[in-house]
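Since every read-out is calculated from the coordinates, none of them should be taken as a lab result. It should be emphasised that the depicted structure is a prediction, and the values quoted were computed from it without experimental measurement. All Cβ positions, glycine included, derive from the backbone under ideal geometry; neighbour counts span all protein chains shown.
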Ligand SMILES: Cc1cc2nc3c(=O)[nH]c(=O)nc-3n(C[C@H](O)[C@H](O)[C@H](O)COP(=O)(O)OP(=O)(O)OC[C@H]3O[C@@H](n4cnc5c(N)ncnc54)[C@H](O)[C@@H]3O)c2cc1C
């Protein structure tokens, strides 16, 4: 294939039209699209294989919490038709197999370099190129650099006194070993009770001799009702009901109109096809309200927040949903003291709603102890374990389920320097700012995928990733066709977008507590509500408007 290069520039072996950092679902699809448009493209990733999130997060119980049939690419109808998910919510190994299948099916591997960490990216104003330095001391030049580095790809381990002295093994859910970890016969401690912990705890409890869960803040979680969904290959009988969010369909029925499902998803706030209730929680009587919540509880999954229209916007409505879940916890957990410690008091949905299999039931096991460190934090780590509530918990293994430095952490770990040597660190000193979560003023020819200021983690990420990739490819084609060598977000467009972001987030319940959405899990991180909470359709409309008006809000130079 002929490569179409920007302008006449001196080239080296490492000179590309586009350098993509990251070979997760974002990077893979972007490579496929850009290559198809004739660009010379390269991906680098610090991992040793494709898959991103699904390469790193191998802890027991790791799986998607958007139904598999929706947590999959839509760009290739053939791929959609040929891939068969086995469970309503696929496990990490299955999702990783899917990523590998995509890499092979579209022959992507030949343009990916693994085990390569990008340490710096510097914009050279003399030739309008990015100079990217890797941990191996290589320099790669590219006209455009796309950070497909992931929203949840830099693990966070809070500072604990004495952690280094612990003699047992320490794991982090977000950087789990590739070999099987066996906790049989062990005393295991889990630090944290967010989404990853909620998936891992029930499985580790079944294996470990004793499991201690150290909980600072209880988390809301709703049942997954996970199940196998594929057809029986022997009898060729239709698959079991695969999909409960907007209709009770089998895999075959979905595949008969996959485009329809995707279309419905794109119209939804969270880019997820489901049928929300159109009523306010406050307009119905108690019995109808309880029945409404029960119906969504029985569907399972994150769509629980769609049980009524105003759970996200009215504290009073939100409280009715929260109280419904609290009652479920109280009824499930036998020990009333443990149950009460597991009951969250803040607004539901403010922290990312978790989706579980037997999470609360696990606390009825005799080998599981909840250590509630909400009022009095872990005092220190010792050689033997954890010292908390004035006693020592002796442990063989310790699992940090302490999440990520979300949305900005990975970008800020790279020494990114834009125009006039401006560092991203300085630019974002008071919190991240960008135009549509795609571009950043002062950093020409650099794009982010699902960056801060885009709906990203509030949506089905597959839809958001595809939308960003399509937009970026359209933009690069436009620039090539018009002989434009640089594109850069203007500060005023960026400021206007930030103001709009803040305005929609201001009264939203997602902004009403400390969470990783606002950087609350990282000490010293400026409090900014990072993802765009105005909804996927509104966001897409804005992106399309910008493109239709020749990239309004960006400065283009030839
Ligand atoms: C446990 C877990 C479960 C999730 N479940 C869901 C779900 O059900 N539904 C959903 O929509 N989303 C889910 N997500 C979010 C998930 O991150 C996205 O869905 C998606 O996988 C992101 O893809 P990505 O390619 O943008 O980023 P990633 O998959 O994070 O890939 C980024 C890649 O960039 C690489 N990288 C980063 N920095 C550098 C550097 N400096 N140099 C070289 N390489 C670098 C990383 O190694 C990584 O491979 C989940 C996340 C986690 C952690």
For this session: Please sort 116-125, 91-100 by packing, taking for each peptide the average over its residues of neighbouring beta carbons within 10 angstrom, highest first.
Result: 91-100, 116-125
Exercise. Tell me, Kirkwood radius of segment 303-442 from alpha-carbon pair distances, in Å?
Worked result: 19.4 Å
Seminar exercise, completed: Note to self: C-alpha centroids of segment 149-213 and segment 251-281 sit apart, in Å, by 35 Å
For this session: Please figure out what share of the DSSP beta bridges in the chain is antiparallel and state it in percent, rounded to the nearest 5.
Result: 45 percent
For this session: Could you tell me, in Å, what Rg and Dmax come out for the Cα atoms of segment 3-156?
Result: 16.6, 53
Problem set entry | Mean separation of Cα contacts under 8 Å, 6 or more apart, over the residue count of the chain: relative contact order % | 19 percent
Seminar exercise, completed: Checking rank on 348-356, 380-388, with mean other Cβ inside 10 Å and highest first, the result is 348-356, 380-388
Exercise. Residue 523 versus residue 230, label points 7 Å from Cα toward the beta carbon: distance in nm?
Worked result: 4.7 nm
Seminar exercise, completed: Note on segment 62-140: the mean projected area of its alpha-carbon convex hull, in nm², is 7.7 nm²
For this session: Compute the length gained on full extension between residue 136 and residue 169: take 0.36 nm times their separation in residues and subtract their Cα-Cα distance, giving the result in nm to one decimal.
Result: 9.0 nm
Problem set entry | 25 °C / 0.890 mPa s Stokes-Einstein diffusion coefficient of segment 124-182, Kirkwood radius on C-alpha pairs, µm²/s | 154 µm²/s
Exercise. If you count, for each residue, the other Cβ atoms within 10 Å and average over each peptide, how do 298-304, 16-22, 49-55, 364-370 line up from highest to lowest?
Worked result: 16-22, 49-55, 298-304, 364-370
Seminar exercise, completed: Taking Cα pairs closer than 8 Å and at least 6 residues apart, the relative contact order of segment 360-509 in percent is 16 percent
Exercise. What is the distance, in nm, between label points placed 7 Å from the Cα along the Cα-to-Cβ direction at residue 361 and at residue 387?
Worked result: 3.9 nm
Seminar exercise, completed: Rounded to one decimal in nm, the spacing of the 7 Å Cα→Cβ label points at residue 127 and residue 412 is 3.3 nm
For this session: Would you work out the relative contact order for segment 431-558, in percent, from Cα pairs under 8 angstrom that are 6 or more residues apart?
Result: 34 percent
Exercise. How far, in nm, would the chain grow between residue 514 and residue 76 when pulled straight, counting 0.36 nm per residue and subtracting the alpha carbon separation?
Worked result: 153.8 nm
Exercise. Could you state the number of Å between the C-alpha centres of segment 351-377 and segment 453-496?
Worked result: 40 Å
For this session: Calculate the translational D of segment 360-427 in whole µm² s⁻¹ from Stokes-Einstein, where the hydrodynamic radius comes from the Kirkwood formula applied to all Cα pairs, the temperature is 4 °C and the viscosity 1.567 mPa s.
Result: 81 µm²/s
For this session: For segment 441-483, restrict the atom set to alpha-carbon positions and state the Rg and Dmax in Å.
Result: 11.9, 36
Exercise. Which value in deg cm²/dmol, rounded to the nearest 500, describes the helix-derived mean residue ellipticity at 222 nm for the chain, given -39,500 (n - 2.57) per DSSP H run of n ≥ 4 and division by the residue count?
Worked result: -9000 deg cm²/dmol
Seminar exercise, completed: Among the Cα-Cα pairs of the chain, the proportion with separation greater than 48 Å, in percent, is 10 percent
Problem set entry | Euclidean distance of C-alpha centroids, segment 30-108 and segment 301-326, integer Å | 32 Å
Seminar exercise, completed: Beyond 16 Å, the calculated P(r) of segment 387-489 holds a percent of Cα-Cα pairs equal to 67 percent
